[in-house]
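Colleague: Dropping the structure in here first, questions after.
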Amino acid sequence: MIKPEPICSISFACLFVALTACGPQPPELDRADGASTQSALSFETEPALQSAARARLDPRVRLALSARSTGQPNGFSADARFDESGRFPVYVRFAASGAPGGVAPELPGVEWGNGAEPLPSGAYLARLDETGLGALEADPAVLRVESGMEMEQLQLDAAAESVRITPLRRKVLAVDGTRLDGSGRLIADIDSDAFVFHPGLFRADAGAYAWLDVDNDGHFVPGVDLVDIDRNGVATPEELAHQLLVQKVNSQFAPFDSHSDFRSDEDFLFLDSNSNGERDYGEGFTEDTPAYGEPLFVADDANGNGVLDPSERVLRLGTSVFQRIRDEEGAVFVRGASQAGIIDYGRALVQDTERLRSAAHGTMMCGILAGGPYPGHRWSGMAPGADVVLGAGRLRPEGIAWALKFAPDAISMPFSQHIFSPLDGSSEIEQLVDSVMKSGSIPVVSAGNSAIRAMHAEVTLPVGSSSLSLTSKLPSSGLYLSVLSRRPVESLALSLKLADGTLVDMPSDSTSTPVKISGGERSFNHIADVSNRGTFQRHIQLWAPNQFPTGTYTLNATLSDGKPLDVHVYSSDDYGYGFTFNDHATVSSTIGSPATADDALTVTGYSVHEGPNAGLVGPAGQLADFAARGPRIDGFHNLDLAAPVTPLSTSI
């Protein structure tokens, strides 16, 4: 059961602003009623609600292990290591005294990560099987074992102008020659894989070359004119320059604004050294080869007239923007290394069709952050002079811990989860984000895309029986609901009536294995938990291999503890937007985890582009329709910035 990752397409243009400059004031943030924001950096957390009972073991951990042993779906993101070894990733937090000597103890069935040393947040990373889980449960020093995996949920030039970076670059260059492009900065991105061979992810630092006007028409024509790569002024067939056309695609990957003419500020050029009609890269080249392939160039349109004039040159692309990359298996690749270099990571990626298909988001984000051969090129990112450290894959805690070792100026975390989380700043991933800020790096975290399509309802449940109506618009194998309340609940009974009339009663406690639903091969999981800040949680996941029917679903609640209960209810499905509330829906409090961390620099998005190719964004200059709003469910206003959404950037 695989569905799209809950990652966010918000542009992190603000990351460059946070490092080097100040942009304009964003549109009103947080609540739909316009309540003001406050700085996340000065927030002091409220004491935990001690009256709430909290288990030492996150119920999701036992659910995942037992589901694997019985061959049933576990509801978590795909993890090849868990599938192969049976060891599930977790956080382990010890009591105040900590692990003996500060190093995690050797225990049967437990494989410690991060060198068996604690994260900056104080928790330890580990993988464990049933034996390891028993060993941790028996250790009185263990305070909490929490899931380290998430439940499944499956244009740059305008952005630069919008945040006023382009004119600021010009002004700074005019005054003292400083290039305000992120040079000397290190940005970490915790993301999917990235297509490291994309032309937009190299710098134009491998030399400037004259071009030869073969047909004497006074302007450059790909396929006719040549690049004098040997600098001898003599034309040879090997120097014939071919156009590498930039094709724009929209959010549905449909082409638009297509062109065939050479655009000096958009397109690239290459030399077809082996005459096979395409630009080769990766295999057959080395880490020392500029741009890891056949010679690749951009036009140096010095006068900005959109034409490559005879007096202007072409610049060869050379150095990758990636300083280091860690893949999902923990292998590390370093720029300039003769073994395990960036080119080796790229070769492995292009040989794995599934991985390459999932690399679009990481490729886009790295282009937004630091892409572009030089600031004058149209598709330059916000900080094209910065280096990038990429923690690739779904195991984000490990990627964050690894990236912190290199003291990045900022860590981009463009992912968000609004279900199966307490959303109150207390989870281990949220605490890890807090520790990033304390370490001296800026954690720039996406607020999420969950404001659109009525995926959040806020309602006061009366004593007695009540219900919420939802509609499933698309056939889906998975349906998800999270019910959160900020006060302890003595007695709340939940049931879900499916579109086909089947009534599914939820137990009061967590299920340790998937529970069968009548009417076919269907099952559900139920998680009951309390966060260490007292947030009452009930999480429901339903699964059907042949998909649940579309139509109306009803969440029934029976409250019998004496007084009404304010709850937040969140929904999702395989598509991330097709299971929505018919009443009580609101865009407020739609920020997802880990942007709900106390010290995150939380970023929502505003529209820059309009029209059919921009996607569901809304009017330019306003908060995007899908961009999450605050406050957090405990009332804390933690949105800090709004950044441009739907930029044109690097992709596959």
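The values are calculated or read from the model by the stated rules, or taken from the named source; none is laboratory data. Worth saying up front: this structure is predicted, and the values here are computed from it rather than measured. Using ideal geometry, Cβ is built from the backbone for each residue, glycine included, and neighbour counts are taken over all protein chains shown. Quick note on the areas: whole protein, heavy atoms, side chains included, nothing else; ligands and nucleic acids left out. Shrake-Rupley method; radii C 1.70, N 1.55, O 1.52, S 1.80 Å.
Colleague: Can you tell me how many residues in the stretch 550-575 are farther than 14 Å from Leu503 by Cα and exposed (fewer than 15 other Cβ atoms within 10 Å of the Cβ)? Break it down stepwise before answering.
Modeller: We begin by selecting, within the stretch 550-575, every residue farther than 14 Å from Leu503 by Cα; these are 550-551, 558-575.
Now restrict to residues that are exposed (fewer than 15 other Cβ atoms within 10 Å of the Cβ): 551, 560-564, 566.
Matching residues across the stretch 550-575 total 7.
Colleague: If you don't mind, there's one more thing I want to ask. If I ask for residues that are open to solvent by 10 Å² or more (accessible area, probe 1.4 Å) and under 28 Å from Ala359 (Cβ atoms), which ones from the stretch 452-462 would you list? First the steps, then the outcome.
Modeller: Here is the first cut: in the stretch 452-462, the residues open to solvent by 10 Å² or more (accessible area, probe 1.4 Å) are 452-454, 458-462.
Across the stretch 452-462, the qualifying residues are Ile452, Arg453.
Colleague: What number of residues within the stretch 285-299 satisfy the criterion of being more than 16 Å from Trp211 (Cα to Cα) and at pLDDT below 95?
Modeller: Initial filter on the stretch 285-299 (more than 16 Å from Trp211 (Cα to Cα)): 285-294.
Subset that is at pLDDT below 95: none.
So the answer is 0.
Colleague: Would the stretch 267-282 turn up any residue that is within 18 Å of Asp309 (Cα to Cα), open to solvent by less than 60 Å² (accessible area, probe 1.4 Å) and modelled with pLDDT under 90?
Modeller: Within the stretch 267-282, one or more residues are within 18 Å of Asp309 (Cα to Cα), open to solvent by less than 60 Å² (accessible area, probe 1.4 Å) and modelled with pLDDT under 90.
Colleague: Is there any pair linking a residue in the stretch 113-132 that is among the polar types (S, T, N, Q) to one that is part of a loop (DSSP other than H, G, I, E, B) and open to solvent by less than 40 Å² (accessible area, probe 1.4 Å), with Cβ under 7 Å and at least six apart or on different chains, and which?
Modeller: Cβ pairs passing all conditions: Thr131/Gly109.
Colleague: Surrounded by fewer than 16 Cβ atoms within 10 Å (Cβ to Cβ) and of a type outside the set (A, V, I, L, M, F, W, C) - does that describe any residue in the stretch 440-449? Lay out the reasoning, then the answer.
Modeller: To start, the set of residues in the stretch 440-449 that are surrounded by fewer than 16 Cβ atoms within 10 Å (Cβ to Cβ) comprises 440.
If we keep only those that are of a type outside the set (A, V, I, L, M, F, W, C) too, we end up with 440.
Looking for residues that are surrounded by fewer than 16 Cβ atoms within 10 Å (Cβ to Cβ) and of a type outside the set (A, V, I, L, M, F, W, C), one finds at least one in the stretch 440-449, hence yes.
Colleague: Could you look through the stretch 512-537, keep only residues that are charged (D, E, K, R) and in a strand (DSSP E or B), and pick out the one that is most open to solvent (accessible area, probe 1.4 Å)? First the steps, then the outcome.
Modeller: Step one: of the stretch 512-537, the residues charged (D, E, K, R) are 516, 521-522, 529, 533.
Those still in the list that are in a strand (DSSP E or B) too: 516, 522, 529.
Details: Lys516: 134, Arg522: 19, Asp529: 19 Å².
In this case the residue turns out to be Lys516.
Colleague: What do you reckon, is Leu481 surrounded by fewer than 16 Cβ atoms within 10 Å (Cβ to Cβ) and at pLDDT 95 or above?
Modeller: Working: surrounded by fewer than 16 Cβ atoms within 10 Å (Cβ to Cβ): no; at pLDDT 95 or above: yes.
When the stated conditions are applied, Leu481 does not pass them.
Colleague: Something else about it: Could you grab the pairs with beta carbons closer than 9 Å, sequence gap of 6+ or different chains, first residue in the stretch 346-365 and within 13 Å of His198 (Cα to Cα), second one of a type in the set (Phe, Trp, Tyr) and open to solvent by 60 Å² or more (accessible area, probe 1.4 Å)?
Modeller: Listed by first residue and then by second, the contacts come to Gly346/Tyr281; Val350/Tyr281; Ala360/Phe253.
Colleague: Of everything in the stretch 429-474 that's hydroxyl-bearing (Ser, Thr, Tyr) and part of a loop (DSSP other than H, G, I, E, B), which residue is farthest from Ser147 (Cα to Cα)? Before you say what the answer is, go through the steps one by one.
Modeller: In the first step, residues of the stretch 429-474 are kept if they are hydroxyl-bearing (Ser, Thr, Tyr); the result is 435, 439, 441, 446, 450, 460, 465-467, 469, 471-472.
When the remaining residues are screened for being part of a loop (DSSP other than H, G, I, E, B), the result is 441, 450.
Details: Ser441: 25, Ser450: 23 Å.
Step by step, filter the stretch 429-474, then rank; the result is Ser441.
Colleague: For the stretch 136-147, indicate whether the set of residues that are part of a strand (DSSP E or B), among the acidic types (Asp, Glu) and open to solvent by less than 40 Å² (accessible area, probe 1.4 Å) is non-empty. Explain how you work it out, then say what you get.
Modeller: Start the filter on the stretch 136-147 by keeping residues that are part of a strand (DSSP E or B), which leaves 142-147.
Retained after the next criterion (residues that are among the acidic types (Asp, Glu)): 146.
Now narrow it down to the ones that are open to solvent by less than 40 Å² (accessible area, probe 1.4 Å): 146.
Within the stretch 136-147, one or more residues are part of a strand (DSSP E or B), among the acidic types (Asp, Glu) and open to solvent by less than 40 Å² (accessible area, probe 1.4 Å).
Colleague: Residues that are under 25 Å from Ser427 (Cα atoms): find the strands (runs of 3 or more DSSP E) completely inside the stretch 325-417 holding 2 or more of those. Talk me through it step by step, then tell me what you get.
Modeller: Values: elements: 332-334, 387-392, 410-413.
Output list reads 387-392, 410-413.
Colleague: Continuing with this model, one more query. Residue under question is Asp129, and the condition is that it be open to solvent by 10 Å² or more (accessible area, probe 1.4 Å), within 30 Å of Ser69 (Cα to Cα), modelled with pLDDT of 90 or more and in contact with a Gly (Cβ under 8 Å, 6 or more places away or on another chain); does it hold?
Modeller: Details: open to solvent by 10 Å² or more (accessible area, probe 1.4 Å): yes; within 30 Å of Ser69 (Cα to Cα): yes; modelled with pLDDT of 90 or more: yes; in contact with a Gly (Cβ under 8 Å, 6 or more places away or on another chain): yes.
Considered against the rule, which asks whether it is open to solvent by 10 Å² or more (accessible area, probe 1.4 Å), within 30 Å of Ser69 (Cα to Cα), modelled with pLDDT of 90 or more and in contact with a Gly (Cβ under 8 Å, 6 or more places away or on another chain), Asp129 comes out as yes.
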